[in-house]
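Below is one structure, written out as structure tokens, with a few remarks after it.
Rule-based calculations on the coordinates, nothing more; no lab input. Since this is a predicted model, take the numbers as computed values, not measurements. Positions of Cβ are backbone-derived with ideal geometry, glycine not excepted, and every protein chain shown enters the neighbour counts.
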């Protein structure tokens, strides 16, 4: 049956327009289809442009999905390149166009119009930017040709990328691969906005390990010397040879706006579920349109290739009478940065907080496949979900391998309306080279289910410090060797294997939090303590999640070349001495820790170093990129020498030599005495003042200070107006005899029935010396850890509720653990 032919005009090609054109022809042979493209190319792989510049794609021709001739021949579509549509007349159903080569103008009628103009890069108003002759943006093939020609011909030594989004990071990686020193500048506080901060931080650290300089919370204020000098908001100036502007895009909405079509979010073209604009004869697809968030329903823009392709097909279907409904976007996205892959789908935590949506979150760090099969690497996965019904809001994943598979499964689960509990029921393909018997997606489902059904309560990485400062008891259940690579300040160390036998050190009256490396042992400890009557929370994601945000980037500066300098032609830009040759007197031990999850690699290193002689060298390979930071911290802590660190080729490869002589006494953590401990036995005012002056002074010198209060020293920790607690017998007698606050402390000499302490306090005030209470507050702010001896508290009838906020509770083991790392031990 013949149908009346229509004239369909498409403005713009690439993903949305080209997809619509091809689908229109497949559905209807009779329609006249005309495509206008102001440039030369109508269908190309714009997502591949950075990789052609970097050299990963070796041929320009590989970027072209279809040529104008190919589209004409295959689909019988009238493709008009170098034709820019300048006006839409909706009443006459005509478009006005101009030939960009010769300026000739013309008009074309239509029955149906499809807008696919895309989006253009944002160009900020920066003084002097217009005069820069080394400034580029990346949107299309001509942009790509200009950048590649400049890099090939000018051989720039330094590039500055302004913007830390997907395009910015991809360009930074590929320019670095070309041998340039690269600096990324962004006014935000993190890379990759779709990720939450703790998920973006490993990407930042990985980029730095590859020699990329990153300046966050920074802005470019002015551009001088035709782009050679950039003045920053911090007051610094960067000298650069190449500038890539990648701070975002805005919709090409001029045609729609000038023709009176309705606009929406950030000026994007507003469309309905059938992709129709406010004029039913005009459709719009791609980066120029407003979409809704598929989960929460708010208006947004999602400039990604999948959406443009899908929208183009759906618009063509609707034009041909088919029922369609474009219900919005999850924003599923993925990016490669050197050896790391990062991906996200759905809502991030920042969005849920902004909208006020109740949610729960879990972090897990499973291996990409079975640890015993070579090449396995940890994946960090974050899952956000409704706290009661388990509706999945979003997910993020970062890791060297297997990230794409997991984020795609989770995106499919969201689309299918699965709950987190149902993730555990997914029967996913398993063989050792590809996964584990419990896939990471299954594991996320198990952990989230435990949260929903109340099997465990969690505390998040950003809540831990306040928890400890407010008097909460944090128990680190890892092994001692793991703490050498870092630990949470104020934590009480009780290894999981010893927890049942050391319950007396854990106060019943306080809320408890437990922490391990990635969360699993913490969950076991939390279940154990909960059944013993404690109120317990498990640190979600363990120390690994906490440390990525809290631990400072330490090290000896050997991880990469100075990022402000060009990479040497004599040495790969991302490595330092990666092929060590042992001397005749010392051996080289090769250790393969690939596939091991944290803390596996560090434990293997520790075991190997224990059997080495001073000066012997150890070469370690690991697939956990977090090991790069861990090995630096561990070497600094133990006095061993990190000679080189390489993070290329999908692995971390480190070489260290065992310290000795002037470098280190041994690999035991006590070899580096960086702390100070004080046992405060006395409850006298003068000795208390001396104790806190010493503690604050040591803290000011950078030492980790621990004060252990026992017997009469506990009086220093009592609140000024503590609660009235009913006590009996000896406890009540002690309560009547002991001073109720620091203001009632006596002097050790010349107390004179309480006159002496008052005189001392007046003299201190007159001579501008801080009071004891001010000294104590300053010590806490300086990070001094104060531990109350639980055994002494029990003997003297002192309850936890009577003591100041921020005080930790522990026994002899707590003191001894701190004393092992202390170069100064005092008894007062």
**Message:** Using helices alone, I'd like the mean residue ellipticity at 222 nm for the chain: each DSSP H run of four-plus residues gives -39500 (n - 2.57), total over residue count, nearest 500.
**Reply:** -8500 deg cm²/dmol
**Asked** What residues of the range 258-288 lie in the reach of a label at residue 96, counting those whose backbone N is under 15 Å from a point 7 Å from the Cα along Cα→Cβ?
**Response** 258-260
**Asked** Tilt of helix 305-319 relative to the longest C-alpha principal axis of the chain, in degrees (0 to 90, nearest 10)?
**Response** 40
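Averaging sequence separations of C-alpha pairs under 8 Å and six or more residues apart, then dividing by the length of the range 388-442, give the relative contact order as a whole percent.
Values: 41 pairs, mean separation 19.4, N = 55.
Relative contact order comes out at 35 percent.
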**Message:** Let's test this: bin the Cα-Cα distances of the range 458-550 at 10 Å from zero up to the farthest pair and state each bin's percent.
**Reply:** 18, 58, 23, 1
**Asked** Helix 755-766 versus the longest principal axis of the chain: what is the Cα-based angle in degrees, 0 to 90, to the nearest 10?
**Response** 40
**Prompt:** At a Förster radius of 25 Å, what calculated FRET efficiency corresponds to the Cβ-Cβ distance of residue 759 and residue 782, to the nearest 0.05?
**Reply:** 0.30
**Fill in**
Taking the chain, the whole-percent share of alpha-carbon pairs separated by over 54 angstrom is 25
**Message:** Quick check: from the Cα gyration tensor, does the range 588-671 come out rounded (a/c under 1.5), prolate or oblate?
**Reply:** prolate
**Separation between Cα centres of the range 747-793 and the range 28-55, rounded to whole Å** = 76
**Request:** Using only the Cα atoms, work out Rg/Rh for the range 90-228, with Rh taken as the Kirkwood radius, to two decimals.
**Result:** 1.10
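Need one number: the % of Cα-Cα pairs in the range 1-62 sitting beyond the 13 Å mark.
Value for the range 1-62 (Cα pairs over 13 Å): 67 percent.
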**Item:** Share of pairwise Cα separations in the range 339-452, more than 22 Å, in percent
**Value:** 27
**Complete:** The helix 685-700 Cα axis meets the longest alpha-carbon principal axis of the chain at an angle in degrees, between 0 and 90 and rounded to 10, of 30
**Prompt:** What does the range 173-271 give for Rg and for Dmax, in Å, if only its C-alpha atoms count?
**Reply:** 17.6, 51
